[in-house]
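**Q** Can you read through this structure? Questions will come right after.
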Amino acid sequence: DLKLDHNHFATMPSSIEDLSNPLHARNVFFRVNQTLWSVTNQTPSQKLHPDHVTVENGLLYQRVLRETDQFSVEITSFVPSRNVLAELHKVVFKNTSKASQLVKPVIGVPLFSRSADNLRDHRHVTSLLNRVIIENEGIVNRPTLSFDERGHQENHLAYGVFARSNRHSKITGFWPRLDQFVGQGADLFYPDAAVKDLSSPNQPGDVVEGYEAIGGLAFDEIELAPNAQITLLFGILLGEESSELSKIFASIDVSVYDEWLEETKAYWKKKFSTAFVTIGDQAMTGWYRAVGTQPLIRRVYGNSFLPHHDYGRGGRGWRDLWQDSLALILKSPLDVRENIVNYFKGVRIDGSNATIIGDKPGEFVADRNKIVRVWSDHGAWPFLTTHFYIKRTGDLSILLEEQGYFQDKFTHYTKRVDPLYVQNGSVDLNSAKGVYQGTLLEHILVQNLTAYYNVGDHGNIRIEDADWNDGFDMAAKSGETVAFTHLYIGNLKGLIQLLHALRNSGRTHIKVFEEFQLLMNKQVHGPLSPQKKREKLLHYFDTVAKGISGETIEILIEGLIKDLEVKIESMESHLNQNEWMTKGEDGCFNGYYDNDGQRVCTLEGPVRLTLTGQVFPLMAKNVPSSRLQQLAQTTKKYLYSDTYHSYHLNTRFGENKMNLGRFMGFAYGHKENGAFFSHMTIMYAYSLFENGLVKEASEILDEYIPVLLDIQRSKILPGIPEYIDPEGRGLYHFLTGSASWVVITLVEQLFGIHMEEGKIFFQPKLSAHHFAQGEATCPVVLVDKEILVRYLNPDKLEYADYEIVSMNKNSELMPTKHGRYQLSREDVVEGDEITLVLGRKQ
Ligand code: G1P
């Protein structure tokens, strides 16, 4: 479908089932010697003799070639990158037979022109608002109102379908009404307007009121000699006025179309980090390049707006936003800096956050479905992304940027409502001294420390209304997430590194609001019990709920580090002692506690295990090296499937006892209940790399990517879907956090272009097969300069056998520094090529 947002759908909103029943499609018909053919492949003759189809999935354009034994139709489609609201198509019909053909082109794109809500709600009533205007080259619907019983709005958006043919001087059939275009008793697969020779019901200048609208445009039948072709340009255009749309379309001829297409390709190529990657053969290179576009697509769409992603009404989800930023940091760290600073404004002073971020800076919503919730993992991601940004840029100063906090009527991790809260037109946290702003470092500390104290009876962080796995949403009372307890502890470790760096930069103190002290332990007498932690948190919640004073204090960085060290130590030993499970040679982590306070995972009886439960201990580097192999082996033993060479998100948990989450109601092997879930699988590979298990990590990528690339099985265009189902089909394509992690894993792990404090250290983990012509290349942005890194592996050595033997900048040899191959921003200028040669390990 085509839309601006939830309330402005040009074509009918479509969900998964519409893909195989594409009734309201962008229909293009050719009646050839009285037999109807359609791009949807659904006419009676095509049912008997389906087209032969070739798809070219370009970077944000698409070309489809459909061939029959009589003719071919090639359709190239894209949305121009320049500032017009248009979707453009070039359709080339070619007579490939030996005889002349009588060909009649007809276009019929139903114009939904309203909010997705009206798909069922007031569907007919809203069609009465339609005002359809006939132009010389098209049909435009500009409804009178945007229907909303809470308060109708005047509509200002016009939706139009336009077309032109190089073989026709004009359009001769104008069909603004869907019912008339289709005809009584017929359907859109075989509509009267395309099948029969009917005279046009309308002419340019007419206005038709109050029916379902369609951009139905018919050209006269013409005779086409063998090898001759018809080129149709057609577009769906959105704008304020019908006349404006007509003007825009009039300015687009075939050469403008071609120019815009090239411009659009160039535009997107500049935007994503993997555009110039080469790795492995052509297919693998193409795959990585395609995946690189996905985080960008998700930045635009959030998690709504594609057929499989029919949830949500737009806006971007909190955790997804932060994770998608990871990939975007690789390409334009300085642009992302601004976003990071901005996103922190969604944090509440109690450590929870607004869950939806709008399109404009400072737009936040407590929840998209107005069900206010806390996801226990949310507080963990901002640090991860900020830390990654600092590593890639060396820009510690971001930590000291000041930002406000989000405030609404909710307090106590949203469990209570402040009866006195009056929305004063802003969502800024006010203190007794006016709007309060604190540093990003302070925001991060608040998020991670509130989480640290928010534990259940077993000492792990409470799962609240779910964690990363949205499906674990029925254990808010007593459930715990061991998986994310690990990640939070990993964050505290990372925070210590940053605090050391701040101290090394000459600071001794940091500024915080005075109530923050309640989250610290002044004297440290060993670990607190879960009960004591909760009391401490409650005291903090009670205090800040009454409003903060706005006074700030300076705390000693050294003291904060000590405090965090104690917290980390006690939690790490708790996790490694109490949540590590063994049986015989098996060993791995429990991931969760359910709503009855019972441990979820077990190695006894029917084994119950989650991949999430293993990934985060690894990512947080909480697993002692002596346990790494065992963890990887056990995970493989229980979660790996030979059929698709991939990992299940969890084993089958059996009966749904309504005490863990909705995921248990899903059929096993689908979505969050044990699917081959790309996101967790890729994070698993990433984390194995991080922990030095290169062979195991490489194996995951080497096996999973070919499964996705085998489109006969995965049945998706190249890229990464959220998951593959038990039959190998990819689902929830394009808009998935997996893509960001693929890109990060590619750059940071496979190419090993690892950065600390803005300096690159090269630690490639590429395998021999990644060097198709003896080389693999990856562009990298070093703070603000883009350079190209090229590895040469002339002897096709495997990872275990090679080491870097030389480094060149353009053709100049570069020495090692402190025995390592490294690069700083000062060493390069934009466009430099860095070549590293791999030779046999000495
Ligand atoms: C999706 C959601 C993400 C959630 C995950 C598991 O993942 O977007 O927020 O954590 O499901 O429930 P994605 O497809 O983005 O990887």
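What follows draws every value from the coordinates through simple rules; no lab data is involved. Keep in mind that what you see is a predicted model, and the values were worked out from it rather than measured. Because the Cβ atoms are built from the backbone with ideal geometry, glycine has one as well, and the counts that use them run over all protein chains shown.
**Q** Can you check what the net charge comes to around Ser570, using other residues whose Cβ is under 15 Å from the Cβ of Ser570 (Lys, Arg +1; Asp, Glu -1)?
**A** Around Ser570, the charge tally is +1.
**Q** Where the Cα atoms of the range 352-493 are projected onto their three principal axes, how long is each span, largest first, in whole Å?
**A** 43, 40, 29
**Q** Using alpha carbons only, how many degrees (0 to 90, rounded to 10) separate the axis of helix 678-690 from the longest principal axis of the chain?
**A** With rounding to tens, the tilt is 40 degrees.
**Q** Here's another thing I want to ask about it. Give the angle, between 0 and 90 degrees and rounded to the nearest 10, that separates the Cα long axis of helix 381-393 from the longest principal axis of the Cα atoms of the chain.
**A** Orientation of helix 381-393: about 90 degrees from the principal axis.
**Q** Can I ask one more? Provide Rg over Rh for the range 1-118; use the alpha carbon set for both Rg and the Kirkwood Rh (inverse mean inverse pair distance).
**A** Ratio of gyration radius to Kirkwood radius for the range 1-118: 1.00.
**Q** Find the relative contact order for the range 373-526 and round it to a whole percent, using C-alpha pairs within less than 8 Å whose residues are 6+ positions apart.
**A** 27
**Q** Need one word for the range 603-744: rounded, prolate or oblate. Basis is the Cα gyration tensor (sqrt eigenvalues a ≥ b ≥ c); a/c below 1.5 gives rounded, then a/b vs b/c decides.
**A** It comes out oblate by the Cα gyration axes.
**Q** Taking a ≥ b ≥ c as the square roots of the eigenvalues of the Cα gyration tensor of the range 125-164, is the shape rounded (a/c under 1.5), prolate (a/b larger than b/c) or oblate?
**A** Taking the square roots of the gyration eigenvalues as a ≥ b ≥ c, the range 125-164 is prolate.
**Q** Same structure again: Using each residue's phi in the range 440-457, evaluate 6.51 cos²θ - 1.76 cosθ + 1.60 at θ = phi - 60° and report the 3J(HN,Hα) Karplus result to the nearest Hz, with x for Gly and Pro.
**A** Running phi through 6.51 cos²θ - 1.76 cosθ + 1.60 with θ = phi - 60° gives 5, 4, 5, 4, 5, 5, 4, 4, 7, 7, 4, 4, 4, 7, 8, 10, x, 5 Hz.
**Q** Given all pairs of different Cα atoms, what value in angstroms does the Kirkwood hydrodynamic radius of the range 410-463 take?
**A** Averaging 1/r across every pair of different Cα atoms and inverting gives 13.6 Å.
**Q** OK, next. When a/c is below 1.5 the answer is rounded, else prolate if a/b is larger than b/c, else oblate, so apply that to the range 276-368 with a ≥ b ≥ c taken from the square roots of the Cα gyration tensor eigenvalues.
**A** oblate
**Q** What translational D, rounded to a whole number of µm²/s, comes out for the range 520-597 from Stokes-Einstein when the hydrodynamic radius is the Kirkwood one over Cα pairs, at 10 °C and 1.306 mPa s?
**A** 100
**Q** Here's a follow-up. Let me have the relative contact order for the chain, percent, based on Cα pairs under 8 Å that are six or more residues apart.
**A** 10 percent.
**Q** Same structure, new question: Please quote Rg/Rh for the range 36-97 to two decimal places, taking the Kirkwood radius as Rh and restricting both calculations to Cα atoms.
**A** Here Rg/Rh amounts to 1.05.
**Q** Using 22 Å as the Cα-Cα cut-off, could you pick out the over-long pairs in Lys47/Lys98; Lys3/Lys671; Lys567/Lys621?
**A** In this structure, Lys47/Lys98; Lys3/Lys671 exceed 22 Å between Cα atoms.
**Q** Please list the radius of gyration and Dmax for the range 750-825, considering alpha-carbon atoms only, with Å as the unit.
**A** 12.4, 34
**Q** Moving to a separate point now. Using only Cα atoms, figure out Rg for the range 204-268 and give it as a multiple of 2.2 N^0.38 Å.
**A** 1.49
**Q** Given the alpha-carbon gyration tensor of the range 259-324, what are the semi-axes of its equivalent ellipsoid in whole angstrom, ordered largest first, with each equal to the square root of 5 times an eigenvalue?
**A** 25, 16, 11
**Q** Could you name the aspartates and glutamates in cross-link range of Lys546, using Cα to Cα under 18 Å and dropping any fewer than eight places away on the same chain?
**A** Reachable aspartates and glutamates: Asp350, Asp408, Asp418, Asp428, Glu514, Glu515, Glu535.
**Q** So for each of 762-769, 682-689 I average, over its residues, the number of other beta carbons within 10 Å; can you give me the resulting order with the highest mean first?
**A** 682-689, 762-769
**Q** Which whole-number percent is the relative contact order of the range 671-751 (Cα, under 8 Å, 6+ apart)?
**A** Result for the range 671-751 is 33 percent.
**Q** Principal axis extents for the range 672-717, Cα atoms only, whole Å, descending order, please.
**A** 34, 23, 14
**Q** Taking the Cα atoms of the chain, report the difference between the largest and smallest coordinate on each principal axis, in whole Å and largest first.
**A** Projected onto the principal axes, the Cα atoms of the chain cover 90, 72, 57 Å.
**Q** Taking the highest mean first, how do the peptides 69-78, 803-812 order by number of other beta carbon atoms within 10 angstrom per residue?
**A** 69-78, 803-812
**Q** Sticking with this structure for a sec: Using the per-residue mean of other Cβ atoms lying within 10 Å as a proxy for protection, in what order, highest first, do the peptides 784-792, 44-52, 406-414 fall?
**A** Output ranking for 784-792, 44-52, 406-414: 406-414, 784-792, 44-52.
**Q** Moving on. Can you work out the FRET efficiency for the pair Asp596 and Glu569, with r the C-beta to C-beta distance and R0 = 30 Å, to the nearest 0.05?
**A** 0.50
**Q** Further question: Report the local net charge at Val607: Lys and Arg +1, Asp and Glu -1, summed over other residues whose C-beta lies under 12 Å from its C-beta.
**A** With Lys, Arg at +1 and Asp, Glu at -1, the net is +2.
**Q** Add +1 for every Lys or Arg and -1 for every Asp or Glu among the other residues with Cβ under 11 Å from the Cβ of Ala685, and state the total.
**A** Summing Lys/Arg as +1 and Asp/Glu as -1 gives -4.
**Q** Let me ask another. Treat the range 52-147 as a sphere of radius equal to its Kirkwood radius over Cα pairs and apply Stokes-Einstein at 37 °C in a medium of 0.692 mPa s; give the translational diffusion coefficient in µm²/s, rounded to a whole number.
**A** Rounded to a whole number, D works out at 195 µm²/s.
**Q** Based on C-alpha coordinates, I'd like the Rg and Dmax of the range 666-746, in Å.
**A** 12.2, 35
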